[in-house]
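Readers should treat all values here as calculations from the given coordinates under stated rules, not as data from a laboratory. None of the values given here were measured: they were computed from a predicted structure. Positions of Cβ are backbone-derived with ideal geometry, glycine not excepted, and every protein chain shown enters the neighbour counts.
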Amino acid sequence: MEAIYGPVFRLIATTGIGPSFIVILETRGRRSGRAHSTVHVLAEYAGANYLLAAVDYSDWVLNARASGGQATLRHGKRKAVQLEEVAVDQRPPVLRAYFRRSLGARLIFRLAPSSPVEKFEAIAGKHPVFKILEV
C-alpha cells in the first residue's frame, strides 16, 4: 500500500496541495542525527491532531522518543512541533478517529470506525499515539 500511495501522499504534503491531514513528519535520527522523513495521515480528535504508528518500534517513534518529542511537520510549509505520547488508556478514541481517515489502516487491522470500542482498546497498547503540540 505504501508503495502505491507513498509517492502521491509525499507530493501532497510537500506542496501543501490537497488535504491538510496528509503530512510529512521529520525527526532527527537517534544515532545519526540526520533528518528522517515519513508520510503520515493525521488523526483529529477533540480538536487536536495526532500521529499514530503501526508498531512500537517504528524508527520515527524511536527517534521522537529519543529527541524528547521534538519534530517538524510539513504540509507545504515546515513547522516545529512537540510530540507528546498518549497514555494507552487514552488511545482508543484517537485510534477510532484515525480509522475514519486512513483506508490503509482499515485494511491492515480489519477494523472500521464503527467497530466497537473494545476492539480499539484491544490494540491500543501496540500502537503508539502522539499528540501534536505547536511550539
Margin query: Run the reach check for residue 77 against lysines, Cα to Cα strictly under 29 Å, same-chain hits fewer than 8 apart removed. What comes back?
Written below: 131
Notebook entry, point to check: In whole percent, what relative contact order does the chain give with Cα contacts below 8 Å and a gap of six or more residues?
Noted result: 27 percent
Next item on the list: Let me have the relative contact order for the range 30-87, percent, based on Cα pairs under 8 Å that are six or more residues apart.
Entry: 22 percent
Next item on the list: Place a +1 charge on the Cβ of each Lys and Arg in the chain and a -1 charge on the Cβ of each Asp and Glu, then give the dipole magnitude about the Cα centre in debye, rounded to the nearest 20.
Entry: 360 debye
Notebook entry, point to check: What spacing in nm lies between the two simple spin-label points modelled at residue 72 and residue 37, each 7 Å away from Cα in the Cβ direction?
Noted result: 0.9 nm
Next item on the list: Specify the inter-centroid distance of the range 36-65 and the range 106-124, based on alpha-carbon positions, in whole Å.
Entry: 17 Å
Notebook entry, point to check: Taking only DSSP H segments of four or more residues, each worth -39500 (n - 2.57), what value at 222 nm results for the chain once the sum is divided by all its residues, to the nearest 500 deg cm²/dmol?
Noted result: -9500 deg cm²/dmol
Margin query: Here are a few candidate values for semi-axes √(5λ) of the Cα gyration tensor in Å: [x] 22, 18, 14; [y] 31, 16, 12; [z] 20, 19, 14. Which one was actually calculated from the structure I just gave you?
Written below: [x]
Check: Given a Förster distance of 25 angstrom, what is the FRET efficiency for residue 114 paired with residue 56, based on the Cβ-Cβ distance and rounded to 0.05?
Finding: 0.45
Next item on the list: Would you please put 40-52, 71-83 in order of how densely packed they are, using the mean number of other Cβ atoms within 10 angstrom per residue and starting with the highest?
Entry: 40-52, 71-83
